[in-house]
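Working notes, beginning with the structure itself.
The values are calculated or read from the model by the stated rules, or taken from the named source; none is laboratory data. Predicted model only: the values in this text are computed from it and were never measured. Note that each Cβ is placed from the backbone with ideal geometry, even for glycine, and that neighbours are counted across all protein chains shown. The area values use the complete protein model at the heavy-atom level, side chains included, leaving out ligands, DNA and RNA. Shrake-Rupley method; radii C 1.70, N 1.55, O 1.52, S 1.80 Å.
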Amino acid sequence: MSNPSNHLPIRMISHVVRGYGRGSKDLGIPTANVNLEKGVLSCSIVDYDTLPTGIYWGFARIGESSNNGAEVDSVLGRVHTAAISIGYNPTYNNKEKTVEPHLIADPKHPKRHASSTGETQFQDFYEKKIVLSIVGYLRPELPFEGLEKLVDAIKKDIIDSTELAKSCPPSIEAEKHWVADASCL
Ligand code: ADP
Ligand code: RBF
Ligand code: MG
């Protein structure tokens, strides 16, 4: 496959759909599965079969943009840093390709888990609009032996994504603004 970084950034607007429900239950790390079937706008990838598999980081927003209207604790309307999986979850051998971001809570968010990673379970937001920009490649998706190793790897991805988001060059800062401002209509 070609270098995944050549495809970035990947911008998407779609809906959050249900997956197998394993993220929260098996791993304690929910992922918002992006509907690839319909209603997707993408600036750089037209054919989803060519979406390069791998683990990435980027920015995500759920629902209409809101800088001041939403409650402080709400996941809705804000730009979150995200750790994102694109592919077939080889630990589980999925047949369908998924795009699944885990949205990382603000360090002060009351629901943020007290672990060093801070993986967080917000309220459910199935069927809401999702705006996503995938900006950086972290690693290939891997078949792990046992869920504990998979969870450890995802936690490291969350830490790496958080660190990378702290000091963005202007081109990546621009993606954050695109996620904040893109119209969901
Ligand atoms: P599924 O297999 O249906 O995607 P998950 O166990 O991965 O199930 O849970 C995903 C759902 O949990 C999301 O669609 C969203 O509604 C909710 N959710 C809560 N917190 C988060 C978060 N931090 N990141 C992503 N989704 C979250
Ligand atoms: N699944 C894998 O099988 N291998 C991986 O290397 C892998 N890495 C992931 C990294 C991140 C940041 C996230 C959010 C998910 C990753 N997953 C991976 C997907 C995980 O298996 C999936 O989210 C759950 O099975 C719930 O659908
Ligand atoms: Mg999921």
Those residues of the stretch 1-22 which are more than 14 Å from residue 126 (Cα to Cα) and within 12 Å of ligand 2 (Cβ to nearest atom) amount to 22
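Restricting attention to the stretch 143-162, does a residue exist that is among the hydroxyl-bearing types (Ser, Thr, Tyr) and in contact with a Gly (Cβ under 7 Å, 6 or more places away or on another chain)? Full working, then the answer.
Restricting attention to the stretch 143-162, the residues satisfying the condition of being among the hydroxyl-bearing types (Ser, Thr, Tyr) are 161-162.
With the extra rule that they be in contact with a Gly (Cβ under 7 Å, 6 or more places away or on another chain), the set shrinks to none.
No, because not a single residue in the stretch 143-162 is among the hydroxyl-bearing types (Ser, Thr, Tyr) and in contact with a Gly (Cβ under 7 Å, 6 or more places away or on another chain).
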Residue, farthest from ligand 3 (Cβ to nearest atom), within the stretch 106-129, restricted to residues that are of a type in the set (D, E, K, R) and either touching a Pro at 6+ places or on another chain (Cβ under 8 Å) or open to solvent by 90 Å² or more (accessible area, probe 1.4 Å) (or both)
108
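For residue 148, state whether it is assigned to a helix (DSSP H, G or I) and surrounded by fewer than 16 Cβ atoms within 10 Å (Cβ to Cβ).
Values: assigned to a helix (DSSP H, G or I): yes; surrounded by fewer than 16 Cβ atoms within 10 Å (Cβ to Cβ): yes.
So residue 148 fits the description; yes.
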Restricting attention to the stretch 108-132, the residues that are in a loop (DSSP other than H, G, I, E, B) and touching a helix residue (DSSP H, G or I) at 6+ places or on another chain (Cβ under 9 Å) number exactly 6
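Which of the residues belonging to the stretch 155-178 are touching a strand residue (DSSP E or B) at 6+ places or on another chain (Cβ under 7 Å), under 26 Å from residue 27 (Cα atoms) and hydrophobic (A, V, I, L, M, F, W, C)?
In the first step, residues of the stretch 155-178 are kept if they are touching a strand residue (DSSP E or B) at 6+ places or on another chain (Cβ under 7 Å); the result is 157-158, 160-162, 164-165, 172, 175-176, 178.
With the extra rule that they be under 26 Å from residue 27 (Cα atoms), the set shrinks to 157-158, 160-162, 164-165.
Selection gives 158, 164, 165.
Listed here are the residues, each with its yes/no results for (1) assigned to a strand (DSSP E or B); (2) open to solvent by 30 Å² or more (accessible area, probe 1.4 Å); (3) at pLDDT 95 or above.
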site	(1), (2), (3)
12	yes, no, no
26	no, yes, no
55	yes, no, yes
58	yes, no, yes
61	yes, no, yes
71	no, yes, no
80	yes, no, yes
86	yes, no, yes
Number of positions in the stretch 136-163 that are closer than 18 Å to residue 8 by Cβ and within 16 Å of ligand 3 (Cβ to nearest atom):
2
Mind counting the residues in the stretch 151-179 that are open to solvent by 50 Å² or more (accessible area, probe 1.4 Å), touching a residue at least 24 places away in the same chain (Cβ under 8 Å) and under 23 Å from residue 66 (Cα atoms)?
2
Have a look at 143, 90 and point out the one that is in a loop (DSSP other than H, G, I, E, B) and either within 12 Å of ligand 1 (Cβ to nearest atom) or open to solvent by 60 Å² or more (accessible area, probe 1.4 Å) (or both).
143
